[in-house]
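A short worksheet on the structure shown next.
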Amino acid sequence: MSLVLHWRYWRAIILAAVVEGVMLVGSVGRIARGLPIFIVALAPNFSAVAVLSLFLPVVGIGLAYVLLVPTYFSSVREWWLLRQGRSRVIGVVGVLMVAAVAYTVTSWLVAATILAVALHGHYWADPLTSGIGNLLGPISTTLFLLFFVVLIVLVQFASVPLVMLLVRKKWQVFVIALALIILLPILLFMLQLLPEPQMPVNIYHSLIMTPHMQWPAVWNVVGYQLLLLAGESLLVGIIIIYKNHRGWVI
């Protein structure tokens, strides 16, 4: 994989962002006066009640699939270089981070633009006094939520190389990564191994809906997401080290 985002990658990012923006708009619930549109456009990422929001990871995982999988399954030389050089690993991580930020910001702008045109100044009925909004003003709340959505997207991205390094067929990467992000928490909940308050969708929801939210609760949510991302990254690193010693089979 090239360490520079070529135009074909930017086209994939823009297309995915537009699709994600439309899905965000479709996930918005009741419309009335309340939150500013630029916060409403982010809210579905944290919704525990909008059914369509459950499928938002499909686009993020699909984008990571397009960025990573074709190279891994077709260019042994590039991935041999990746295995041998730490700078290559850092470069790929940098590409994914740039893609995550560009994808998140663009999809947010698409969703906010559609809402601004469609709603003519009417907003989602949810006062800014709940969740992180009771600690920060509108601008700081927006920036914080954008940062957190980037973390969510990076977790989605990280699921792709994690699966990619374990399977031998392209279709398995997308299906298993999607199952890890969407279906695994639901399965663990059904098996009573994961309490309902600890399901990711409910943890995210607390950021916008918890009455009188305090900073310790905010840092707990951020810490959970960072721990999840660190865990995925650690597993990817362990797999790469293991395969470097035992051999790679593509």
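Tabulated results
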item	result
Ranked by how many other beta carbons lie within 10 Å on average, peptides 193-203, 90-100 from highest	90-100, 193-203
Solvent-accessible surface (1.4 angstrom probe) belonging to Trp10, in square angstrom, nearest 10	80
Exposure ranking of Phe38, Phe55, Phe157 by accessible area [1.4 Å probe, largest first]	Phe55, Phe38, Phe157
Descending principal axes extents, the range 174-235, alpha-carbon based, whole Å	38, 27, 19
The chain: angle of helix 138-164 to the longest principal axis, Cα-based, in degrees nearest 10	30
Largest to smallest accessible area among Tyr204, Tyr224, Tyr72, Tyr242 [probe 1.4 Å]	Tyr242, Tyr224, Tyr204, Tyr72
Listed residues Val163, Val51 arranged by accessible area, highest first, probe 1.4 Å	Val51, Val163
Å² per residue, accessible surface of the chain at 1.4 Å	51
Solvent-accessible area, 1.4 Å probe, carbon plus sulfur percent, for the range 202-249	72
For the range 120-250, average projected area of the Cα convex hull in nm²	11.0
Gap separating the Cα centres of the range 181-238 and the range 126-167, nearest whole Å	11
Of Leu187, Tyr242, Val49, farthest towards positive along the dipole that unit charges on Lys, Arg, Asp, Glu beta carbons give the chain	Tyr242
When the range 202-249 is reduced to its Cα atoms, the Kirkwood hydrodynamic radius in Å	13.0
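The values are calculated or read from the model by the stated rules, or taken from the named source; none is laboratory data. Values in this document were obtained by computation on a predicted structure and should not be read as measured data. Ideal geometry is used to build each Cβ from the backbone, glycine not excepted, and the neighbour counts take in all protein chains shown. The area values use the complete protein model at the heavy-atom level, side chains included, leaving out ligands, DNA and RNA. Shrake-Rupley method; radii C 1.70, N 1.55, O 1.52, S 1.80 Å.
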